[in-house]
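Here the structure comes first, spelled out in structure tokens, and everything after it is commentary.
The values are calculated or read from the model by the stated rules, or taken from the named source; none is laboratory data. Just so you know, these numbers come straight off a predicted model, no measurement behind them. All Cβ positions, even for glycine, are placed from backbone atoms using ideal geometry, and neighbour counts span all protein chains on display.
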2 protein chains.
Amino acid sequence: MKRSKQVRQSELKDTIKETPFITDEELAKRFGVSIQTIRLDRMELSIPELRERIKSVATHEWNETVKALPIEEVIGEVVDLELDQRAISILDIKPEHVFSRNNIARGHHLFAQANSLAVAVINDELALTAGSSIRFNRPVKLGERVVAKAFVKGDDHKGRTIVDVHSYVENDEVFAGSFEMFRDHDPKEMNEG
Amino acid sequence: MKRSKQVRQSELKDTIKETPFITDEELAKRFGVSIQTIRLDRMELSIPELRERIKSVATHEWNETVKALPIEEVIGEVVDLELDQRAISILDIKPEHVFSRNNIARGHHLFAQANSLAVAVINDELALTAGSSIRFNRPVKLGERVVAKAFVKGDDHKGRTIVDVHSYVENDEVFAGSFEMFRDHDPKEMNEG
């Protein structure tokens, strides 16, 4: 049964609030309407398009600069960053990311997005991955958008920084990893500085 | 102190026997002589050049075909393969594989080599990675050659195939990973077929 326009717009607003990086295509699919309808809904609701929503997150919350590597070496687009705290990046799964045979994203691209985000979140000039434990929870398909969220858990007994990364397609967790990061300074100094 | 030519050639022969995928550059560095000297030594000892050594391994031992993905989608060059048993691939670390800042190979390329080898060794049309636990034991630098060796350990209680991969630069283990592979058939059938 089709929702009324009012119900749809209300749900659309909530959906975008919960998952701000969702595309018009995904919204259209979810609500069973055309992309054009979603665009009109957004205009009526004054919800900016995705690119603007990403920029707005970046401008308002992302006041820090990646330290451990040049930003262009991060796999995916960093849209949020608080050094030694958390970071978010977005990766759109394109033909070069998938197995030709079944259009499923290859694991190493999801790993690369997560691992480079774990590097990027470190507030240090040198960050290297010492180890990692990861899960691929469901296949990611061509055209899907993967939002990776990194969270710095703290340091282990060897002074390595543990960064957990969870990656989502819409609300499904598709990847989870814990990264043990080596960095080039005594982490105790940082708490003092 | 320089080795005599005789001693060097004897050691050279042993070194190539132990690490057949070593380059002339690496040999020259190790023996403290020029690349030209290594080439002359090889000619006198009738040891073929690296490319020929790789081909010879491939021709003699690699009688099987990768099933789970097209061979060109394997990251690195497969030089040995016995399906559901073991596989070896070689990846030369080039500028596109390293952090621009320190010429250290990025973790996801070593992961990609190992993970795609773990896929390639599976004797099935569909192989997907369910999870993995990995260690990066020492940084790999630009110009180094990484030899990854995959070994199929068997199936776990969930019917996932466990593939261990160890990657080496010369004799140093630089990466170790255990991959839990999902495949699309009942592994019991395979033992019967």
Response to the item:
Filtering the range A:19-48 down to residues that are assigned to a loop (DSSP other than H, G, I, E, B) and surrounded by 13 or more Cβ atoms within 10 Å (Cβ to Cβ) yields A:T19, A:P20, A:F21, A:I22, A:T23, A:V33, A:I47, A:P48
Item to complete: Of all residues in the range A:137-169, count the ones that are within 20 Å of B:G177 (Cα to Cα) and modelled with pLDDT under 95.
Response: 2
Item to complete: Output the residues belonging to the range B:9-20 that are over 15 Å from B:S46 (Cα atoms) and touching an Asp or Glu at 6+ places or on another chain (Cβ under 9 Å).
Response: B:T19
Fill in: Members of the range A:70-125 that are part of a strand (DSSP E or B) and either at the interface with chain B (Cβ under 10 Å from one of its Cβ atoms) or modelled with pLDDT of 90 or more (or both)
A:R86, A:A87, A:I88, A:S89, A:I90, A:L91, A:D92, A:V98, A:I104, A:A105
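For the range A:126-149, which positions are among the basic types (K, R) and part of a strand (DSSP E or B)?
The answer is A:R135, A:K141, A:R145, A:K149.
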Worksheet item: Do the conditions hold for B:I88, that is, is it buried (at least 22 other Cβ atoms within 10 Å of the Cβ), aliphatic (A, V, I, L, M) and farther than 25 Å from A:G76 by Cβ?
Response: yes
Worksheet item: Can you tell which of B:A176, B:A118 is within 17 Å of A:A112 (Cβ to Cβ) and under 16 Å from the mean Cα position of the chain (by Cα)?
Response: B:A118
Fill in: Residue that is farthest from B:V174 (Cα to Cα), among those in the range B:126-147 that are at the interface with chain A (Cβ under 9 Å from one of its Cβ atoms) and among the small types (G, A, S)
B:A130
Discussion item. Take B:L142 and tell me if it is within 19 Å of B:E73 (Cα to Cα), hydrophobic (A, V, I, L, M, F, W, C) and touching a residue at least 40 places away in the same chain (Cβ under 8 Å).
Written reply: no
